[in-house]
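Down below is the structure, laid out as structure tokens.
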Amino acid sequence: MVHSSKFIVHSSKGRGRKVIILLAACCLFVSVLFLNVSLAATKQRVYIRKLKNSHYQLIVNKKPYIVKGVCYNPVPAGKNHEYDWWSDPNKPWLLDGKLMHEMGINTVRIYQTSENPDAVKKVMRDLYETYGIRTILGSWLGFWEYPCPLYGDKEFRDKIKAQVLEMVRLYKDEPGVLLWILGNENNYSFSGQVNPWSSEEINKESDPRKQRYMRAHIYYSFVNDLAAAIKEADPTHPVALGNGELIGLDVANEFCPDIDLVACIIYRGKTFGNIFKSLRATFDRPILLSEFGADCYDAYLGNEDQNMQAFFLESQWRQIYENLAKNNDGAGNCLGGIMFEWNDEWWKYNEYDPAGWQVHDCGSNWSNGSYYFDIKAKDNKNMNEEWFGIVALSGELENGINKRIPRKAYYVIREFWKNPVLKTQGAKRKTKNAK
Amino acid sequence: MKKRNFKFLMILSAFIVSCQLSAVSHQLFAQDNDKLVSLSKKVIEVKSSEDAFPLLQELTGLYFKEHKYNECIDYLKSLVNRRKTLEPLLNYYIGFTRYSQLRYLEEAQAWDEYFNRGNSYRDEIAVSLEKGIEAIAPTDALGVYARLTLWKFHKDQNDALSDGVLSDLMNFVLSYAKEAKNPAAIKEVAAEFSAYGEKAKASSLYKIYVDKIVSSKMNDEEVNRAALSFYEDGNLDVAEGIYDVYIGRIKSSLAKEKVVVLLVEIARMFAYKDQGLSDALYAENVFRKVEETGVKDAFDERLIYLRAFNLEKAREFQAARDFYRDLVQRYPQGAHTDEAYFKLGIINTYILRDPKAGKGYFENLARKETLSPQVISSLYQLGLLSQWEGGLVQAKGYYNKLLEKAKDGFGGTVSLTRERLKEIDEARPIEYNLRTFLDASFKEEYVHLDMNKINLKPHPYRAKNKETVSVNSITHTPESGCLQLDLQYLWSGDLGQARPASSDSSFNAVYTQAGTKEINLVIVSPAGIIDRSIDLVDID
């Protein structure tokens, strides 16, 4: 049966809670009856409120919170993704946190925590206590395990579940935690083409469409199981389903009642298309654009183009704001966005070539026609993995850290956040009123 | 007195605007400058918005040509107070100019102005167009243009308002169409819908437009000329709509024999061709109408071939097979018989997965005494199929017969044959790419590969000897975000001396011998075969 997540509190301006408190003082029976609901609302530091018009708002410490986020993985030049930056004695997050704070960023997203919980807590506390920046923690759910993620295998699922619950146990009481994201683009494996995995039952099925459904069923049931277990352990933070585009969410609608929101990874260029309305129709949950953005390297002309990146990001943020709660023209289901990414990562073009980690490679491994300025690049490969940073890394070190050079997007988005007036909509309303 | 005052005011207005124009337009070319001044005088003098519309269109066009959008806006704004009756029209043009400017800034990557002024320009677009829309009568084409620009503006941003504005635009156009004085506006909306991917809406508006312009007063020849003129302008949607009307008329007014002649003319015009305009499916639609006339011998040899070839290029292979079969049955000694037999073999064997039927055609051709490239290629195909089935002796028999018949000619096919014979002699399997294609075409486990996930496109399809044929492929794979699939392109068949690597999604082939060349492709991802495809190129 499909029912909406308990984590979404139906409310309007907090009046419901006050009424419940008053009733609790007058009548024990009534208070007991409503205790579950009211406690859920008052105890939670972070929760999602569903407004009367069905719009969704993220509430943090009783106030609406728009996620203005950035994916954070400060790997220095010359290192790769295995580098334990959490334990870096030079504390790059302090420098980054300052720059982020000045830009207006209020959230960082971490894909997977380190194995050193003290180091993770230190980073989270530094960011939160010094700059008010909250952290979204996530788990790959074993998606990158070799030979492949075995979501059809109970032993594998149990192992991942234990890891996820350990993460929750370790960090749930950290004041800087915003929410949990489970998985990232794991749903792309349903087609059997990316990180392929199977099970005996799937192997017996010859119809590729049914195979896809079976994988989606297994995976989303597992994620829901994790979400339910997380809520038992930590009723104070929402749980998001990380998903590439909206693919598979019709199946998630059947098997993920305990998911509070969808954290979508989207690279559609200038806009997000009709994603907000589509989500309403397929899996009515709030949406957080948990990974989006643009690179700043023109693969066609072969040079850095900061304007191109700023252009895409500004346009994307405009659409995010149009679809936040209380904007009657939008879908009202967007909670904010998390740009990919804070800093360039020099290891990404060829992760198997340590010499290349020292070099800011201009190569591209993938193509995306929605980023049209440089789509005429050779073989249409225009997405330059090492050039997504809002800040560039300099080869020069300052206090042991690669110097950060904010790109144009840093300033353009900072200005947008300061004054995110959606003028087209203001105009529309004006004319409507005039009528 | 009043009249004199009015006249004076008009002259004064024209003078002021002319002064402003010369101030802002000194950077425009001299001849454009003269035109600007003359157009602006006319704008001051015109009585109605309807008359001003084309003048302003020309005038703004002159500014746009030089990308003087801000100057254009200044000029339009200077007019607003002087010509109150033109206010809705001027508001439309202000919005339209800002819209064009924003697009230009993006295209030209003039980022400083884009980032500094973009928000206020967007605001101005919406405000001006909406103000214009409110004041425009439902019968005025300006209402269509203003709504169209507003929709394109919202659609470009894919913002929350675009759906609502689209539905408002569509409703307005439908209502406007009832008494449209200017049906061209409907056509323009249809063309924009088509460009923005709103195909169904485009098609319904084209139909309305055709109904509007083809009045009952037009005679058949005028209708025909109208259709031809749209065809020549490259607007096939409208041309087809008008030809449908034309065909409907001549069917009831002319003798069947005459109708056939005219229909064939239209079908030939639309049939597939490497250069120029064509719509193979529409051509087939007209061919069917020829058939429906019931005129005996309406289809001669050339026409049957054209129909089959057209269907083959439209990738309607089953229907193409039927007409190639008709061709060889009716014209066993015709100019295209060998080509038709060979294509029947290929289509049946590889595309329709019926090798038994395919072999029958290859054998028929292989028995022919008179040599042609297709006779030689049929022997190769028979050898290849036997080799894949494990009948090595039989395969060698076909290959040797081929070499014997070919003597010193047919180099490309002979070279492929020698490769196959070497494999047999050295007890090696068929080379990997070709074997994979054959496996994918015949093995039960690959029966789900339906050639829909690969778009294989050689160009031109009919090439001259030594002309370069570019072969491109597009794969439709499941979405995988930034997790890019590592695809392998297994090319095989007659590739005209090209040796594309497995990472090449396209290549150029040059054929030095005449004949029908088959190009095979299998695309493989780490998880297995995605799909297979085959296409044919005819070398003269």
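The values are calculated or read from the model by the stated rules, or taken from the named source; none is laboratory data. Owing to the predicted nature of the structure, the values given are computational and were not obtained by experimental measurement. A quick note on method: Cβ atoms are made from the backbone with ideal geometry, for glycine too, and the neighbour counts reach across all protein chains shown. These accessible areas exclude ligands, DNA and RNA; they are computed on the full protein's heavy atoms, side chains included. Shrake-Rupley method; radii C 1.70, N 1.55, O 1.52, S 1.80 Å.
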Cross-link reach list, aspartates and glutamates versus A:LYS204, counting only Cα pairs under 17 Å and skipping chain neighbours closer than eight places
A:ASP153, B:GLU444, B:GLU445
Would you please state which residues of the stretch A:64-102 a label at A:ASP126 would reach in this model, taking the label point 7 Å out along Cα→Cβ and a backbone N cut-off of under 11 Å?
A:85-98
Rounded to the nearest percent, how much of the accessible area of the stretch A:225-343 (1.4 Å probe, protein heavy atoms only) is carbon and sulfur?
46
Rounded to whole Hz, the Karplus (6.51, -1.76, 1.60) HN-Hα couplings of the stretch A:273-283, x for glycine and proline
x, 9, 4, 5, 6, 4, 5, 3, 7, 9, 8
Counting only the backbone N, which residues of the stretch A:290-330 are under 13 Å from the spot 7 Å out from the Cα of A:TYR411 toward its beta-carbon?
A:306-307, A:310
Accessible area (Å², per residue) of the stretch A:96-145, counting only protein heavy atoms and a probe of 1.4 Å:
38
From the Cα gyration tensor of the protein assembly as shown, with a ≥ b ≥ c the square roots of its eigenvalues, which class applies: rounded if a/c is under 1.5, or else prolate if a/b is larger than b/c, or else oblate?
oblate
For the protein assembly as shown, what is the calculated [θ] at 222 nm in deg cm²/dmol (nearest 500), taking -39500 (n - 2.57) for each run of four or more DSSP H residues and dividing by its residue count?
-16500 deg cm²/dmol
Is chain A rounded, prolate or oblate when judged by the Cα gyration tensor, a ≥ b ≥ c being the square roots of its eigenvalues, rounded requiring a/c under 1.5 and prolate requiring a/b larger than b/c?
rounded
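Pairs A:LYS98/A:LYS348; B:LYS68/B:LYS152; A:LYS62/A:LYS122; B:LYS405/B:LYS453; B:LYS65/B:LYS217: which are spaced more than 28 Å apart, C-alpha to C-alpha?
Violating the 28 Å limit, Cα to Cα: B:LYS405/B:LYS453; B:LYS65/B:LYS217.
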Per residue in the stretch A:178-219, which ones lose no less than 30 Å² of accessible surface when going from chain alone to all protein chains (1.4 Å probe)?
A:GLU185, A:TYR188, A:GLN193, A:VAL194
Out of every Cα pair in the stretch A:86-219, what percent are spaced more than 17 Å from each other?
64
With the Cα gyration tensor of the stretch A:228-271 in hand, convert its eigenvalues to equivalent ellipsoid semi-axes via √(5λ) and list them largest first in whole Å.
24, 14, 6
I'd like the trypsin sites (Lys or Arg not before Pro) in the stretch B:312-380 restricted to DSSP loop residues with at most 11 other Cβ atoms within 10 Å, sorted by number.
B:ARG367
Can you list which of the chymotrypsin sites (Phe, Trp or Tyr not before Pro) found in the stretch B:273-348 are DSSP loop residues with at most 10 other C-beta atoms within 10 Å?
none
Unit charges at the beta carbon, dipole of the stretch B:291-349: most positive-side option, B:ALA319, B:ILE346, B:GLN329
B:ILE346
Which whole number gives the average count of other chain Cβ atoms within 10 Å of the Cβ atoms across peptide B:159-171?
3
Please compute how much accessible surface disappears when A pairs with B, both sides summed, using a 1.4 Å probe, and round it to the nearest 100 Å².
3500
Mind checking which lysines have their C-alpha under 20 Å from B:LYS343, skipping anything on the same chain fewer than 8 residues away?
B:LYS273, B:LYS313, B:LYS356, B:LYS359, B:LYS368, B:LYS457, B:LYS464, B:LYS517
Of B:GLY412, B:ALA440, B:ILE424, which is farthest along the charge dipole of the stretch B:403-443 in the positive direction, counting Lys and Arg as +1 and Asp and Glu as -1 at C-beta?
B:ALA440
Dipole check, the protein assembly as shown, charges on Cβ (K,R +1; D,E -1), about Cα centroid: among B:LEU166, B:ILE454, B:TRP491 the Cα furthest to the positive pole belongs to B:LEU166
Summed side-chain charge close to B:ASP163 - residues other than B:ASP163 whose Cβ falls under 12 Å, Lys, Arg +1, Asp, Glu -1:
-2
³J(HN,Hα) computed for each position of the stretch B:229-240 - Karplus, 6.51 cos²θ - 1.76 cosθ + 1.60, integer Hz, glycine/proline x:
5, 5, 4, 5, 7, x, 8, 5, 4, 5, 4, 5
For chain B, the dipole about the Cα centre with charges only on Cβ (Lys and Arg +1, Asp and Glu -1), to the nearest 20 debye, works out at 1240
Shape metrics for the stretch A:242-375, restricted to C-alpha atoms - Rg then Dmax, Å:
16.9, 53
Using unit Cβ charges (K, R positive; D, E negative) and no other charged atoms, how large, in debye to the nearest 20, is the dipole of chain A about its Cα centre?
3060
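At 37 °C and a viscosity of 0.692 mPa s, what translational diffusion coefficient does Stokes-Einstein give for chain B, taking Rh as the Kirkwood radius over Cα pairs? Give it in µm²/s as a whole number.
116
Take the Cα pairs of the stretch B:393-540, get the Kirkwood Rh, then feed it into Stokes-Einstein at 25 °C and 0.890 mPa s and tell me D in µm²/s.
148
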Mind listing the phi-derived Karplus ³J(HN,Hα) values for the stretch B:523-539, rounded to whole Hz, using 6.51, -1.76 and 1.60 with θ = phi - 60°, and x for any glycine or proline?
10, 10, 10, x, 8, x, 6, 7, 5, 10, 7, 9, 8, 10, 10, 9, 9
Computed over the stretch A:171-252, the Cα gyration tensor eigenvalues, each multiplied by 5 and square-rooted, give semi-axes in Å (largest first) of 29, 12, 10
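For the pair B:LEU371 and B:ASP504, what calculated FRET efficiency results from E = 1/(1 + (r/R0)^6), where r is the Cβ-Cβ distance and R0 = 30 Å, to the nearest 0.05?
Once rounded, the FRET efficiency stands at 0.35.
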I'd like the carbon and sulfur percentage of the solvent accessible area for chain B, probe radius 1.4 Å, heavy atoms only, ligands and nucleic acids excluded.
50
Provide the per residue accessible area, probe 1.4 Å, for chain B, rounded to a whole number of square angstrom.
46
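Counting other Cβ atoms within 10 Å, keep those with at most 10, restrict to DSSP loop, and tell me which GluC sites (Glu not before Pro) in the stretch B:266-371 are left.
Qualifying residues, ordered by number: B:GLU369.
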Please get the size of the charge dipole for the stretch A:151-302, origin at its Cα centre, with Cβ charges of +1 on Lys and Arg and -1 on Asp and Glu, quoted in debye to the nearest 20.
340
Could you give the accessible area per residue of the stretch A:297-336, probe 1.4 Å, as a whole number in Å²?
27
